[in-house]
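What follows is a single structure, written as structure tokens, with notes after it.
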Amino acid sequence: MSGPQPRYSAWSLLRARLSGDGYWRPLWGGRPLRDAYDVVVVGAGGHGLATAFHLARDHGVARVAVLEKRLVGYGNVGRNTTIVRSNYLLPENHYFYEDSLRRWETLSRDLNYNVMYSPRGVVDLALSDDDLSGMARRGNAMRLAGIDCELLDLAALERFCPELEPRRTRRFPIVGALVQRRGGTVRHDAVAWGYARAASALGVDIIEDCEVTGLRTAGGVATGVETTRGYVRAERVVFATAGHTGMVGTMLGIPLPIETHLLQAMVSEPIKPLLHTVLVYVFPGHGETYICQSDRGGLVMGGHLDGFPSYTREGRWDRLEEVVEGAIELFPQIGGVRILRQWAGTNDMTMDGSPIIDRLGYDNVFVNAGWCYGGFKAIPASGAACAALVATGTAPDLIRAFRLSRFASGHLLDERGGGPFPVRL
Amino acid sequence: MTPRRGTRVGPDAVRFSFDGRTLHGQVGDTAASALLAAGVRRVGRSVKYRRLRGVMTAGPEEPNALFTVGTAPAVIPNVPAPQLELREGMVLRSQNRWPSLEFDVASLLQAGGGFFGAGFYYKTFIWPSWRTYESLIRSLAGLGEAPGACNIGPVAVEHLGCDVLVAGGGAAGLAAARAATRAGARVVLCERDPVCGGELEFEGGTVDGRAGGAWAETVVAELRAAGARVLTGTTLVGGSGGEMIAHAEPGGLAGANAVYKISPRAFVIAMGAVERPIAFVDNDLPGVMLLGAAERYLARYGARAGRDVVLFASHDRVYASAARLAAGGMRVRAIVDARQPDEIGAADLRDALGRDGTECLAGHAVLAASGGRAVSGARIAPLAAPRQARTVPCDAILVSGGWTPALHAGVQEGGARLYDPRSGGFVAGEQPEWRLLAGAANGQFELGPALADGVAAGMRAARIAGRQPLTDPPPDGRGDAAPRGRAFWRSPASSAEEKRQFVDPQNDVTVADLRASLAEGFVDIEHVKRYTALGFGTDQGRIGGLLGAAVLAEIRGRPLEDVGTSRLRPPFHPVSMRSLAGWRVGAALRPARRTPLHDWHVEHGAVLESMGLWMRPRFYRANGDDAFAAGIAEARRVRDSGGIADGSTLGKIEVAGPDAAAFLDRLYLSKASSIRVGRSKYMVNLREDGMVLDDGIVLRLAPDRYIATTSSGHGPHMLSHFEHYRDTDWSGRAVTVTDVTEAWAAIVVAGPRSRDALRGVLGAEWEASLARLRHMDFATGRFGGRELTVLRASFSGELAFELHCRPAIARPLWEALVAAGLPPYGLEALDILRVEKGYLTTAEINGQTTPFDLGMEGLVGLGNDCIGRGLLERPAFREASRPGLVGLRAADGKARFLAGAQLTDRAAGSRPLGYVTSSVYSPACREWIGLALVPRSHAAAGALLLARDPLREGDVEVRVTPAVHFDPGAERMKS
Amino acid sequence: MTRLVCPFCGPRHLREFEFHKTLPAPGAGEFASVYERVDSLELSVEHWQHVGGCRGWLLVRRNPSTGAVLDCRLVGGGGAA
């Protein structure tokens, strides 16, 4: 790689226009794989890249590599429905996700890369008084933790989201909503690319097409990783391979409380602005649809897991239909809008629905995993906290509850009360 | 003017409007053909640079001519004009322009040129925040109008089982369907177009000596006569798990009148191929069209793409096409063939064309389209000497870079993708054994071989489906010679000109964008796609996907085979959401479960509430205007005299057999084996992780026969739970599990008068039983000639009975009870009564609470080795920070506090300790009361806490009380 | 194709079935069988229920990388009764 990264701004665009070709530089890469690192991060998804970025920026770790089997941002960071929020019930979760949301607010500036954080609000729709009580429980916990959120009655919901026509007759009438206004969306690919660029500028080696195939240990300590490009020595190793963490457990001979499931997303053809917020609609009979409209104009939707362990990344057609059913029930007017594309990501589903950031089997091996539905929105906080754990050896308060031993001790973080059954509806 | 003639148009005129102009087409026209015939060349603008665009294709892959159809509010956006059948009075509007197509303000931004290259938005709009710019950018993006309403009618969903599904009714698909049908297979054939035949319709070839179109009609007739389903106007859009989905969206407008869910034993993909464009400068000007599209418009609609045309291709078939266009009255000025003279065949055709004044150029390329707002000429030069360019005047440039097999269906669920050197692109490779490819979709672009391929596929498919096909000689097809093409992707251009060489017109992706993407390190095709939006358009990458990959390969100096194309995602064609939702819309979104007493409730003013799929009375209007007032009135009346409630939604599972008792001992925290016959017990299930799963009453009907009741919401899940353990741990043991939820209606009779009223209603034969029943006893007998079980149990704290009866007698029994002076009460009152007594519902049994949390230490202490028992012993579950169930009242005895309020100690800024699970206004206590989960450290009766509810009520000081608020000695229940 | 062949009901679409859980390694204790998962790219051994059909519980062996169903039988052993 030649020359430093130009700083991005409107002026740089103008300068690039005037100076012709050769002004822009690759965002990352260009450096060869070295034979030893202070920290090797496995997986160039959002969590791996953010961890590497914070190791280099906050902790001054000089030699950091991110080894990626395929491509930067090819996994879930580029496959999700782009929603960010911190509206969680359990304090361990809402403090963590709120830390993340605060970082989303300034991330474009911190990375000098526009990740298009759009605080358009995230609305959970309530269909009964019981729903509302449950939302009040969650919302009150958030408010007492200093996190924004409001309970909307029908009139307030109508003002906030008139396009929804909340009073319209529906199979399951809407009775109110919980809204977090600072929640919203972020352009997913930009997050991977922005972190990769910023980490690379700090000296992190990002190596694509380099699959880690094994961990080498000596005397109970990890000494490095075997890769498809040869052995790489490492003082510390971080696995940030959510979606494939179960395989890491198998590789290390440590069974993990994680199952791998597919989660689908889908997008319609672009239309002019219609929906100005993010809606989450959960209804009886296994119904779930979340929907927002991308800046490009497509209606982006998702719903339940496909419902059984899978690595195929090929979604179920009947799940696509179910998600769309929910969307049509919310917005009958979009019946003529067409679905353009459907894809799937592989989710690490833990047995209590909350993540794991902890040591794994060895004192110098770490795992950042088990993100369930929350991986994308967690990236900034996860990267910062995971880097702190790896650099200092001590888990920051923010992630202390995300330890692996909680399943054995019973300190579970079961946000939904679903127990050790990721797909139970 | 004389009407146009074509295979699909009739002479009668159809009036329509385009951007406010009234125009006329003919019956059978599409919007695209009618506009072409009317001389309308500019039909839209591109989304980013707002460049003027014309019709480019004759299929659903159309990137430019997308219209918003209809009048507000019920518009349908982004309808591809080539698919849209004209109807009288149809209103069409072009997209991406303001205020008009001819003058668009945003098009002035084009002056910014390179400023707005791929990914520019990642580099700016950072200060002060993206939100500042977002709404402007959103309003500029987004193609068609957002609909305000939708007029699409009902959608029929048909499930079809068949031996062989054939997708595509062109030559190969028809041959496959016929071969399979002749082998005795049950066949379903889907064809996207309104008629079968595909290219047979215009290619001018013959099959078995008959004109192609006529042969297609004969085959369709034969298929139908043999019982095959031939679904025209029906597009295969996706599927999974062996079920393929086809949608019929008539007239090209969204909203199917039919959705077919087809489960075949074998599946033949014969979905044809898509013609490739070639990148040259300004190749997006109105007047640049795919050659095959021009042929279709001419043959089907008699519409000419231009008067004077230049053809630009790199295969032999262009000469046959030129001859047909010339025969149709178009002047073919020049045929520009990028191949060298020694690669080119079709000598006879070229000679003939030359004699008629067409210039046939080998080793040449069209460098650029000239013209300001539409094509006025083609700039042509020898590839060896691009500077020696000259301009040939013309009004259309018809392009054909070869064909790419339709890949979408063949690369899903286990289909491989292969590089095909013959076509210079990719074909679907090895397939799962039930899926076959045929014809152009299989890389067979010549009529004869395509028919043979179709027959072979049809016979193989029939064999897979278990039929024995006879050898059936393939039809004798004679059409255009093999294309013998060489892939040619783009003409030479300077670096500045590359900004106007479009590879994906809808998203304005140019060769320069691909170069910029590479310069910034986005090299892999998946990265390039995400960075430039290549292939993200409504054509799903059909136009630009492969071309972009090929140009990328050229720039990188790598073979296209290595570069690959990005993964193709379902659906195979864009499909409207209304069609996807099928019949599950509105009231049919989910079925409603109704109790046998539903009609009575409705007739008597009940306000119903959904509880899962069940509909239950929340309150009765006669008792108050709203739920609050009516609930209080109904609850008060139960305590004062009595009332009845519909409990039919309770889950009921019958467990029987010699091992039934032992089986239930395993499923419940306390022992079912210790229940005596005729008695019942309140019992609790644990989940495998030790949390409380559900609670209910278990009745022992006989030594080997029990009924276990579950909460209404958990019924279906508990049934599966029972069945799971029956079939796993208990497999081979003598126990049966039967869902009897809907075999029994349940009427709850509660209140001091309940026994007396029951005596009157049930009559003398029940007198003794009623007198005998102690709390948790039950008796069985008959009422109205049907079975009835009367269980003395109470969820209200009153003397109460549950009447489990056959549904047929539920209403007479209910009405008799009402007549006996027991009025109905609903869920609101039920909730008041149970909170007064500290009984639990899903508000407390929420999957997060252990039996210790809920005050069931006594049950755990019994030591029954049940499911979940082992993991209940984890250390955290015994910690003092775990919650315990308590009662709550306002410290001042007056204030209201609500379920969902968080509980803290009274010091400012304290973190929540617990929360209010349930709260009601209690008519019996004459104040607000609640249940709560708070740590044992704070659970002492009399402790003061703050109920904090910033979302609704603010802060209320509350006092911890025992969970039982009313009648702690349970005197009333035992009376 | 990824249809499940129910020993009682024959080949049926996946929507009729509900996945319950993956099975622990043989001999796993209670904690391991509730919480720990054996993850393999080639083989997943699972319990499913034919909720939309005979309601039988099925022991299903699948390849989670391809979606292919390798085997589907009644949990209690045996094929169709």
- Query: Given the range B:393-478, what strands (runs of 3 or more DSSP E) lie entirely inside it while holding 2 or more residues that are of a type in the set (D, E, K, R)?
  - Reply: B:417-420
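Which ones in the range B:523-570 are among the basic types (Lys, Arg) and either in contact (Cβ under 8 Å) with a residue 60 or more places away in the chain or within 12 Å of chain A (Cβ to nearest Cβ) (or both)? Working first, answer last.
Here is the first cut: in the range B:523-570, the ones among the basic types (Lys, Arg) are B:529-530, B:542, B:556, B:558, B:567, B:569.
Within the range B:523-570, B:529, B:530, B:542, B:567, B:569 meet the criteria.
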- Filter pass, residue B:398 being within 49 Å of the chain's Cα centre (by Cα) and either under 22 Å from residue B:199 (Cβ atoms) or among the basic types (Lys, Arg) (or both): yes
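Test of understanding: among B:907, B:901, B:963, which residue is of a type in the set (A, V, I, L, M), at pLDDT below 95 and within 21 Å of residue B:881 (Cβ to Cβ)?
Numbers: B:901 fails: at pLDDT below 95; B:963 fails: at pLDDT below 95.
Checking each option against the conditions leaves just B:907.
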- May I ask you to list the residues in the range B:864-919 that are among the polar types (S, T, N, Q) and touching a Phe, Trp or Tyr at 6+ places or on another chain (Cβ under 7 Å)? B:902, B:919
- May I ask you to verify whether residue B:760 is surrounded by fewer than 23 Cβ atoms within 10 Å (Cβ to Cβ) and modelled with pLDDT under 95? no
- Go through the range B:873-894 and give me each residue that's in a loop (DSSP other than H, G, I, E, B), within 26 Å of residue C:30 (Cβ to Cβ) and charged (D, E, K, R). B:874, B:879, B:882
- Within the range A:270-284, identify whether any single residue is within 14 Å of chain C (Cβ to nearest Cβ) and out of contact with any helix residue (DSSP H, G or I) (no Cβ under 8 Å at 6 or more places or on another chain), and answer yes or no. no
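Residue by residue, here is whether (1) of a type outside the set (S, T, N, Q); (2) buried (at least 24 other Cβ atoms within 10 Å of the Cβ) holds:
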| position | (1), (2) |
| --- | --- |
| B:247 | yes, yes |
| B:263 | no, no |
| B:278 | yes, yes |
| B:303 | yes, yes |
| B:320 | yes, no |
| B:331 | yes, no |
| B:341 | yes, no |
| B:353 | yes, no |
- Can you name the condition, by its number, that residue B:416 falls short on among (1) within 30 Å of residue B:41 (Cα to Cα); (2) without any contact (Cβ under 8 Å) to a residue 60 or more places away in the chain; (3) in contact with a Gly (Cβ under 8 Å, 6 or more places away or on another chain)? (1)
- Query: Among the residues of the range B:948-975 satisfying the criterion of being free of Cβ contacts under 8 Å to residues at least 24 places away in the same chain and exposed (fewer than 14 other Cβ atoms within 10 Å of the Cβ), which is nearest to residue B:774 (Cα to Cα)?
  - Reply: B:971
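Got at least one residue in the range A:362-370 being outside any strand (DSSP E or B) and crowded, with 24+ Cβ neighbours inside 10 Å? First the steps, then the outcome.
If we filter the range A:362-370 for residues that are outside any strand (DSSP E or B), which is where we start, we get A:370.
Now restrict to residues that are crowded, with 24+ Cβ neighbours inside 10 Å: A:370.
There is at least one residue in the range A:362-370 that is outside any strand (DSSP E or B) and crowded, with 24+ Cβ neighbours inside 10 Å.
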- Query: For the range B:63-166, which fully contained strands (runs of 3 or more DSSP E) count at least 3 residues that are away from chain A (no Cβ under 14 Å) and either in contact (Cβ under 8 Å) with a residue 60 or more places away in the chain or among the aliphatic types (A, V, I, L, M) (or both)?
  - Reply: B:90-93
- Residues of the range A:287-311 satisfying the condition of being within 8 Å of chain B (Cβ to nearest Cβ) and either part of a helix (DSSP H, G or I) or surrounded by fewer than 24 Cβ atoms within 10 Å (Cβ to Cβ) (or both): A:287, A:295, A:296
- Item | Subset of the range A:163-222 (residues that are over 21 Å from the mean Cα position of the chain (by Cα), part of a strand (DSSP E or B) and away from every other protein chain (no Cβ under 11 Å)) | A:177, A:205, A:207, A:212, A:213, A:214, A:215, A:216, A:217, A:218, A:221, A:222
- Query: What strands (runs of 3 or more DSSP E) lie completely within the range A:46-152 and have 1 or more residues being at the interface with another protein chain (Cβ under 10 Å from one of its Cβ atoms)?
  - Reply: A:150-152
- Task: Output the residues belonging to the range C:1-29 that are crowded, with 16+ Cβ neighbours inside 10 Å, farther than 20 Å from residue C:56 by Cα and free of Cβ contacts under 8 Å to residues at least 12 places away in the same chain.
- Result: C:1
- Hey, could you check the range B:571-595 for residues that are more than 7 Å from chain A (Cβ to nearest Cβ) and surrounded by fewer than 19 Cβ atoms within 10 Å (Cβ to Cβ) and say which is farthest from residue B:153 (Cα to Cα)? B:594
- Note on the structure: Residues of the range B:460-508 being of a type in the set (S, T, N, Q), surrounded by fewer than 20 Cβ atoms within 10 Å (Cβ to Cβ) and under 25 Å from residue B:547 (Cα atoms), in sequence order, are B:494, B:495
- Item | Test for residue A:31: is it surrounded by fewer than 17 Cβ atoms within 10 Å (Cβ to Cβ), among the basic types (Lys, Arg), in a helix (DSSP H, G or I) and more than 9 Å from every other protein chain (Cβ to nearest Cβ) | no
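Can you tell me how many residues within the range B:106-127 are of a type outside the set (A, V, I, L, M, F, W, C) and either on the phi > 0 side of the Ramachandran plot or surrounded by fewer than 14 Cβ atoms within 10 Å (Cβ to Cβ) (or both)? Quick ask: steps written out before the conclusion?
Keep residues of the range B:106-127 that are of a type outside the set (A, V, I, L, M, F, W, C), which gives B:107, B:110, B:112-114, B:117, B:119, B:121-124.
Filter again for either on the phi > 0 side of the Ramachandran plot or surrounded by fewer than 14 Cβ atoms within 10 Å (Cβ to Cβ) (or both), leaving B:113, B:119.
Counting residues in the range B:106-127 that are of a type outside the set (A, V, I, L, M, F, W, C) and either on the phi > 0 side of the Ramachandran plot or surrounded by fewer than 14 Cβ atoms within 10 Å (Cβ to Cβ) (or both) gives 2.
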- How many of the residues in the range B:596-619 are farther than 16 Å from residue B:811 by Cβ, away from chain A (no Cβ under 14 Å) and buried (at least 21 other Cβ atoms within 10 Å of the Cβ)? 0
- Filter the range B:419-449 for residues that are buried (at least 22 other Cβ atoms within 10 Å of the Cβ) and within 14 Å of chain C (Cβ to nearest Cβ); which is nearest to residue B:240 (Cα to Cα)? B:435
- Being in contact (Cβ under 8 Å) with a residue 12 or more places away in the chain, surrounded by fewer than 19 Cβ atoms within 10 Å (Cβ to Cβ) and not in a loop (DSSP other than H, G, I, E, B) is the filter here, so list the residues in the range B:860-872 that pass it. none
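I'd like the residue in the range B:72-105 that is within 30 Å of residue A:16 (Cα to Cα) and surrounded by 16 or more Cβ atoms within 10 Å (Cβ to Cβ) and, out of all such residues, is nearest to the chain's Cα centre (by Cα). I'd like the intermediate steps shown before the answer.
Of all residues in the range B:72-105, those within 30 Å of residue A:16 (Cα to Cα) come to B:96-98, B:103-105.
Filter once more, keeping what is surrounded by 16 or more Cβ atoms within 10 Å (Cβ to Cβ): B:96-97, B:104.
Values: B:96: 27, B:97: 31, B:104: 36 Å.
Once the filter is applied, the top-ranked residue is B:96.
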- Test residue A:345 against the stated conditions and say whether it is part of a strand (DSSP E or B), among the small types (Gly, Ala, Ser) and buried (at least 23 other Cβ atoms within 10 Å of the Cβ). yes
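Tell me which residues, restricted to the range A:223-246, are facing chain C (nearest Cβ under 9 Å) and either β-branched (Val, Ile, Thr) or free of Cβ contacts under 8 Å to residues at least 12 places away in the same chain (or both).
Filtering the range A:223-246 for residues facing chain C (nearest Cβ under 9 Å) gives A:244-246.
Across the range A:223-246, the qualifying residue is only A:245.
The values are calculated or read from the model by the stated rules, or taken from the named source; none is laboratory data. Just so it is clear, the structure is predicted and the values come from calculations on it, not from any experiment. Don't worry about glycine lacking a Cβ; one is built from the backbone with ideal geometry, like all the others, and counts go over all protein chains shown.
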